[in-house]
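Chemist: Structure below; questions to follow.
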Amino acid sequence: MISMKRSVRLALSASVFAFALLFQPVFSQNKKLTIDELVARHLDSIGKAEARAAVASRGVNGPVQMASRIGRTANLEGKCVLVSSGSKMRFSLRFSSQSYPGEQLAFDGTKSSTGISPSGQRSALCALLNREDLPLKEGLIGGVLSTAWPLLRLAQQQPKLDYRGMTKVDGRQLHEVSYRQKKGTTEMRVSLYFEPETFRHLRTKYQMEGAPEMGSGVNTQGTRGGRDSGELGGDSRYEIIEVFDDFKVVDGLTLPHKYKMQLSIQTANSSIIYDWSLAVEQLSHKESFEDQIFKIGAGM
């Protein structure tokens, strides 16, 4: 009888152990990812700590295409340059168009600045970021293509990060993280999206409501005329989306080589969308940049 009871206990113990092993992966998968774990895995997706620490500056350039959809579609081809050094960055889009010479965005480590066209007006993008400069001063614009990327500088930035779980975006399940600056208030909501398999940063979304003083738009012929974005008026909704793709290894760091930015402006009776698409041709960590380049008005 004692032997039989012992056999039953052993059998039950073995069953419980097997059950635990069988469902352990499920328990692990259902365990909620912490923000610290997500950030750590994201940084590892960029490269080893030694490789990340070895980079003080970065220069990125390549061709860019711009499309504006205001009833019809206008297309322009130009050049994009993104340079960064620590928390400083300069984002330049240049086109051979008198009415739309491009975009100039910068942060010098203390103050942000945006470009003004020869006619004295700001573009829709520059006007929006001139009013709400969180994407520039926090180093969010350009994602990991910039050394100013705040997740690389958590000790300095100390942002408020909130893990929102998995979210379906364009048919894909992505980790979503809300981003807020350490101090101050902002009208802009920021969400970061990460690939669950690799923890690469694939997307950033900025949203804001209000009626900021907007600048000049670009009509379907790439010349002034048509609807001016400064005439939108009323309460509007603004959304900027950055998308990163085609990751390649450079100097031990895995960085995107395709970058898209979209600005959409919606009012009760109008909808305008601007798209910029960059293909990275050159990416270098060997250049150094003078401080003046991170102020609008400096040549590039």
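Chemist: So which lysines pass the test for Lys260, namely a Cα distance under 18 Å, with those fewer than 8 places away in the same chain ruled out?
Modeler: Straight-distance partners of Lys260: Lys79, Lys205, Lys248.
Chemist: Still on this structure, I have one more. What are the ³J(HN,Hα) values, in whole Hz, obtained from phi via the Karplus relation 6.51 cos²θ - 1.76 cosθ + 1.60 with θ = phi - 60°, for each residue of segment 47-55 in sequence order, with x given for Gly and Pro?
Modeler: The phi angles translate into x, 5, 4, 5, 5, 5, 5, 6, 9 Hz.
Chemist: For Thr254, which sequence-distant residues (separation of 5 or more, or a different chain) have an amide H within less than 5 Å of its own amide H, given hydrogens modelled in the peptide plane?
Modeler: Under 5 Å from the amide H of Thr254 lie the amide H atoms of Gly47, each far enough along the sequence or on another chain.
Chemist: Okay, next question. Sequence gap at least 6, Cα distance under 8 Å: using those rules, report the relative contact order of segment 34-294 to the nearest whole percent. Let's see the in-between values first.
Modeler: Working: 607 pairs, mean separation 59.3, N = 261.
Relative contact order of segment 34-294: 23 percent.
Chemist: Using modelled backbone amide H atoms (1.01 Å from N, in-plane), which distant-in-sequence or interchain residues come within less than 5 Å of Ser117's amide H?
Modeler: Distant-sequence amide H within range of Ser117: Arg122, Ser123.
Chemist: Hey, what does the equivalent ellipsoid look like for segment 34-294, semi-axes from the Cα gyration tensor as sqrt of 5 times each eigenvalue, largest first, whole Å?
Modeler: Values: eigenvalues 170, 88, 61 Å².
Here the semi-axes work out to 29, 21, 17 Å.
Chemist: OK, next. Hey, any idea what the orientation-averaged projected area of the convex hull of segment 43-91's Cα atoms comes to, in nm²?
Modeler: 5.2 nm²
Chemist: What are the trypsin sites (Lys or Arg not before Pro) within segment 161-215 that DSSP puts in a loop, where the Cβ has at most 16 other Cβ atoms within 10 Å?
Modeler: Lys182, Lys183
Chemist: Just need the relative contact order of segment 48-171 here, percent rounded to a whole number, with Cα pairs under 8 Å and 6+ apart.
Modeler: Computed value for segment 48-171: 18 percent relative contact order.
Chemist: Still on this structure: For segment 102-117, in order, what is each residue's ³J(HN,Hα) by Karplus, 6.51 cos²θ - 1.76 cosθ + 1.60 with θ = phi - 60°, in whole Hz (x at glycine and Pro)?
Modeler: Result, rounded to whole Hz: x, 10, 9, 10, 8, 9, 9, x, 10, 10, 8, 8, 10, x, 10, 6.
Chemist: Continuing with this model, one more query. Assuming a ≥ b ≥ c are the square roots of the Cα gyration tensor eigenvalues, decide whether segment 66-131 counts as rounded (a/c under 1.5), prolate (otherwise, with a/b larger than b/c) or oblate.
Modeler: prolate
Computed from the coordinates by the stated procedures, all read-outs in this text should not be read as laboratory data. Bear in mind the structure is a predicted one, so any value in this text is a computation, not a measurement. As a convention, Cβ positions derive from the backbone with ideal geometry for all residues, glycine included, and neighbour counts pool all protein chains shown.
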